[in-house]
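Novice: One structure is given below, represented as structure tokens, and several questions about it will come after.
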Amino acid sequence: MNATVISSMFTRKVLMCFVLMAVAAVPGVVMAQESEAPAKAEESRDPVWSEIRDNDRPVSDAWKTFSDLPLWEDGLSEMSYYDAKCVIYDKERTYTRVHLMNRQFMNTVHYIKAAKDFPNPTPAFKFVIAEEVPTENYNYRFLLTSFFERPSLRPIKVSASSQEWCGHVFKQLMWERRPEVADAEWSLDVTCYSYHDTEGDRWFPFPKQAHIEAHEGLFLQSRAVVAAGGEPRAMLMLKTMRSNHHPDPTPLEAILQPAGKTRKIKVPLGEFEAQRVELKWDGAETWFDIETSAPWRLLAFKADDVEGELRLVERRAYWDRSKKSKFYKQGEAP
């Protein structure tokens with residue numbers, strides 16, 4: 001890594017430390033100091049977990065099948081619309097949930113979209129989940145924006161925000177090289193800004209623990225499992241960032257794997273041959289029904305307290321206002 005990159009990262013970290021120290025001095029603000037960081041997940045005797053920690057999750061050629069699909073090079077976004085339901089205020093709510101996925105090139109110095117003249121950008125997928133959930137007096141809004149390296153699907157950055165009339169919460173997961181730890185070691189930082197009492201602003205650092213995965217990656221990784229012929233994926237994983245509270249910073253051992261035989265399922269879009277992929281862990285029930293042929297679309301899912309069934313898929317440049325959607329009328333999207 002060159003001196004410019006190291007200097008940029010170090011400056012950014014120093015600035016963050018000054019900001020966090022200033023915030024900590026404000027009455028009513030709670031901040032997790034580095035000494036209060038969550039303990040590293042307990043070492044397991046099972047060699048698979050040791051391999052994950054030691055080798056930072058190597059991937060097979062089969063695993064790359066999903067990411068290397070030529071379809072992703074058309075410059076468009078895969079727009080998937082789901083009939084979804086979740087529980088808010090102890091009541092089931094129904095709404096439309098939108099998944100957007102397209103290729104991206106990342107500037108991993110500043111962790112933003114790479115400019116055209118940026119040298120050696122990192123190929124990535126940008127994956128966005130947009131939700132607007134109606135309740136009696138106002139809507140809950142969730143937006144999760146994730147970036148995953150291609151073709152490994154390793155997480156680069158995940159940000160999550162929630163808004164409702166009482167307030168808003170922002171969380172960010174960042175995988176980066178931290179010079180204060182070691183130039184060659186990747187680490188994970190989890191930062192949260194919350195208006196809730198007892199929460200406030202928190203920082204959960206995981207030095208030298210870049211092998212920890214984001215729950216949000218499962219929506220792509222489950223597709224990669226089927227594309228790879230059912231290859232399972234063992235990982236250490238945080239719980240979902242989708243909430244209006246600060247995150248649970250305890251990583252759990254998990255295995256993403258096929259469950260049962262392929263079968264016909266019916267969703268609002270139609271009938272398809274599907275393979276269920278389950279997450280085996282101590283967290284909430286999580287499964288994904290994946291189309292058995294390319295592009296291995298996500299047909300239905302249950303993840304934490306959210307369930308969804310696919311109603312429509314379109315490939316569209318949603319950023320181009322001249323390109324109309326087949327789902328929402330122009331000017332009527334939430």
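The values are calculated or read from the model by the stated rules, or taken from the named source; none is laboratory data. This structure is a prediction, so every number in the text was calculated from the model and none was measured. No Cβ is skipped: glycine too gets one built from the backbone with ideal geometry, and neighbour counts run over all protein chains shown.
Novice: Here are some conditions: (1) part of a strand (DSSP E or B); (2) under 30 Å from D61 (Cβ atoms); (3) without any contact (Cβ under 8 Å) to a residue 60 or more places away in the chain. F118 meets all but one. Which one does it not meet?
Specialist: (1)
Novice: Six or more apart or on different chains, Cβ under 6 Å: which pairs go from a residue in the range 60-74 that's in a loop (DSSP other than H, G, I, E, B) to one that's at pLDDT below 95? Could you list them?
Specialist: Short answer, once both residue conditions are applied: S67/R150; S67/P151; D68/P151.
Novice: Mind listing whichever residues of the range 158-175 are modelled with pLDDT under 95, charged (D, E, K, R) and surrounded by 19 or more Cβ atoms within 10 Å (Cβ to Cβ)?
Specialist: none
Novice: For the range 96-130, give me each residue that is surrounded by fewer than 20 Cβ atoms within 10 Å (Cβ to Cβ) and of a type in the set (F, W, Y).
Specialist: Listed by number, the residues that qualify are F105, Y111, F118.
Novice: Does any residue of the range 313-323 turn out to be closer than 17 Å to D83 by Cβ, surrounded by 14 or more Cβ atoms within 10 Å (Cβ to Cβ) and modelled with pLDDT of 95 or more?
Specialist: In the first step, residues of the range 313-323 are kept if they are closer than 17 Å to D83 by Cβ; the result is 313-314.
Filter once more, keeping what is surrounded by 14 or more Cβ atoms within 10 Å (Cβ to Cβ): 313-314.
Narrowing the set further to residues that are modelled with pLDDT of 95 or more leaves 313-314.
Within the range 313-323, one or more residues are closer than 17 Å to D83 by Cβ, surrounded by 14 or more Cβ atoms within 10 Å (Cβ to Cβ) and modelled with pLDDT of 95 or more.
Novice: Return the residue satisfying two criteria in turn: it lies in the range 203-221 and is at pLDDT 95 or above and touching an Asp or Glu at 6+ places or on another chain (Cβ under 9 Å), and of such residues it is farthest from V59 (Cα to Cα).
Specialist: Looking at the filtered set, the residue picked out is H215.
Novice: So, one more: Looking only at residues that are among the small types (G, A, S) and touching a strand residue (DSSP E or B) at 6+ places or on another chain (Cβ under 7 Å) in the range 68-114, which one is farthest from V133 (Cα to Cα)?
Specialist: Taking the range 68-114 as the starting set, the residues that turn out to be among the small types (G, A, S) are 75, 77, 80, 84, 114.
Narrowing further to those that are touching a strand residue (DSSP E or B) at 6+ places or on another chain (Cβ under 7 Å): 77, 80, 84, 114.
Working: S77: 23, S80: 17, A84: 9, A114: 33 Å.
Only one residue tops the list, namely A114.
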